[in-house]
Amino acid sequence: MYLINLGHSLRYEVECAAMLFFPGEALITTDDPEKMHEGNYILTRLEQEGEVHHLHCQVNIDGQTASCQRSFGAEIKDPHDESERLFAYMMAELLSPITGIQPGWGIL
């Protein structure tokens, strides 16, 4: 499975969150969006417009595709930590229904 990270450096954090839903799975981290055409993937993307951060998460697991988005602005004092939290939250929101796994929020 590919973990495709675009526009951010939260590779390790995304990988740790993915391992909650796919324990023992071989996860390949990349910044190549073309890997979306090669099977199962989790894509996380961060775009910044001025002081607004837009986060996007898309998953494709065995043909089931889902996506969601979140944004935040200058009111957040630590954009790095907020991005990490939101990516984990979005991945859980998308992957729990597909995998049937619901990790405790203390873990995320």
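Taken together, the values in this text are just the output of simple stated rules run on the coordinates, not laboratory data. Fair warning: this is a prediction, and the values are worked out from it, not measured in the lab. Cβ atoms come from the backbone with ideal geometry, glycine included; neighbour counts cover every protein chain shown.
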Open item on the list: Treating only the Cβ of Lys, Arg, Asp and Glu as charged (+1, +1, -1, -1), what charge dipole size does region 2-99 show about its Cα centre? Round to the nearest 20 debye.
Closed with: 180 debye
- [ ] For the chain, with a Gaussian network of springs between Cα atoms less than 10 Å apart, report the residue from Ser83, Ser96, Ser67 with the top mean-square fluctuation.
- [x] Ser96
Open item on the list: Around Glu13, under 13 Å between beta carbons, what's the net of Lys plus Arg minus Asp minus Glu among the other residues?
Closed with: -2
TODO: Determine the gain in length on full extension of the stretch Arg85-Gln69; use 0.36 nm per residue of separation and subtract their C-alpha separation, reporting nm with one decimal.
DONE: 4.5 nm
TODO: Treating each Cα of the chain as an identical point scatterer and ignoring solvent, apply the Debye formula and state log10 I(q)/I(0) at q = 0.16, 0.19 Å⁻¹.
DONE: -0.67, -0.94
Open item on the list: Can you give me the angle between helix 11-21 and the longest principal axis of the chain, using Cα atoms only, in degrees from 0 to 90, rounded to the nearest 10?
Closed with: 50 degrees
Task: the chain: angle of helix 79-99 to the longest principal axis, Cα-based, in degrees nearest 10 - done: 30 degrees
- [ ] Count the DSSP beta bridges whose two residues both fall in the chain, then state the antiparallel fraction as a percent rounded to the nearest 5.
- [x] 70 percent
TODO: Name the residue farthest towards the positive end of the dipole of region 40-108 from the options His53, Ile101, Gly73, assuming +1 on Cβ of Lys and Arg, -1 on Cβ of Asp and Glu, about the Cα centre.
DONE: Ile101
